[in-house]
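First the structure, in the form of structure tokens, and then the observations on it.
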């Protein structure tokens, strides 16, 4: 899939945390749009996507000079009270263009010098390992949440063919943990997986967040239904995985390898 990159100069970077992210004071998106273009992404049904006349995944706005804008807003926000940041809510901060543009890294540099009360970095990209130096400077104020929806690469290719391979994400979790960066594995949304999924995650993390379309798309699953994702499950003969109770399969499996206080469900798993 070819992606068009547009260069924009943002007037603001920090957004108020609302809805699913109401536990945060702010959300922060280094880019608009996401070249991973996952088939099930709830952002496809949000105004940022619907108002564009191009398919989600085929365009990305690069926020030039974002660091300067962010630094001013960040300092003002910190002067008013606690600052907790979710990065990112509607894009992957480590999608491929970040390797060249380094917008995310520029924002982390600012925060590493004067940490927020808490920063959650939500990604599915191995590129996050590049910034281990800055993440370590943030210490206990940061958590990297690595999306790993399944342990089956063939399933990943069906649902998110332009996203990074599962093996690379697992290796990144290992490297982050070995470096001492706080991490969690985020099974969101839950995709069909093997009986070994929890066993594979066990050596890599001490915290797992489980979420699905029905709890986590911000509309009780309506946005996902509008995307027609259920058709892909039917095509693969895996309809039983597209159901509000499907997460229980993975949850019960996780309980065999993790203690209950290490397993988090939906919104709670993303909280500061």
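Rule-based calculations on the coordinates, nothing more; no lab input. For clarity, every value in this text was computed on a predicted model and none was experimentally measured. Note that we place each Cβ from the backbone using ideal geometry, even for glycine, and neighbour counts take in every protein chain shown.
Before moving on, here are some points about what is shown:
- C-alpha long axis of helix 103-113 to longest principal axis of the chain, angle in °: 70 degrees
- Think of it as helices only: each DSSP H run of n ≥ 4 in the chain is worth -39500 (n - 2.57), and spread over all residues that comes to -9000 deg cm²/dmol at 222 nm.
- In percent, rounded to a whole number, the relative contact order of the chain is 18, using alpha-carbon pairs under 8 Å and six or more apart.
- Oblate is the label for the stretch 193-272, because the ratio a/c of its alpha-carbon gyration tensor axes (a ≥ b ≥ c) is 1.5 or higher and a/b is not greater than b/c.
- This ranking places 145, 259 by how few other beta-carbon atoms lie within 10 Å of each, fewest first, which gives 259, 145.
- Förster-model FRET efficiency, 35 Å R0, residue 271 and residue 234, C-beta, rounded to 0.05: 0.55
- Measuring max minus min along each principal axis, the C-alpha atoms of the chain give extents of 51, 44, 31 Å (largest first).
- Taking 7 Å steps out from each Cα toward its Cβ at residue 243 and residue 222 produces label points 2.5 nm apart.
- Antiparallel bridge percentage (DSSP; both residues within the chain; nearest 5): 15 percent
- Least to most buried among 258, 70, 51 (fewest other Cβ within 10 Å first): 51, 258, 70
- Cα long-axis angle, helix 166-179 against the chain (0 to 90 degrees, to the nearest 10): 50 degrees
- For the stretch 7-32 and the stretch 179-248, distance of Cα centres in Å: 24 Å
- Full-stretch length increase - residue 1, residue 199 - with 0.36 nm per residue and alpha-carbon distance subtracted: 67.9 nm
- Counting only alpha carbon atoms, the long axis of helix 66-80 and the longest principal axis of the chain meet at about 90°.
- Exposure proxy ranking, count of Cβ atoms within 10 Å, fewest first, for 147, 224, 104, 18: 18, 147, 224, 104
- At R0 = 35 Å, FRET efficiency that the Cβ-Cβ distance of residue 53 and residue 117 yields, to 0.05: 0.35
- Measuring max minus min along each principal axis, the C-alpha atoms of the stretch 78-204 give extents of 48, 29, 24 Å (largest first).
- When the Gaussian network model of the chain links Cα atoms closer than 10 Å, the mean-square fluctuations of 21, 50, 119 top out at 50.
- The stretch 136-251 gives an Rg/Rh value of 0.99, both radii derived from C-alpha positions and Rh following Kirkwood.
- Three-way shape call for the stretch 53-94 based on the alpha-carbon gyration tensor, with the a/c threshold at 1.5: prolate
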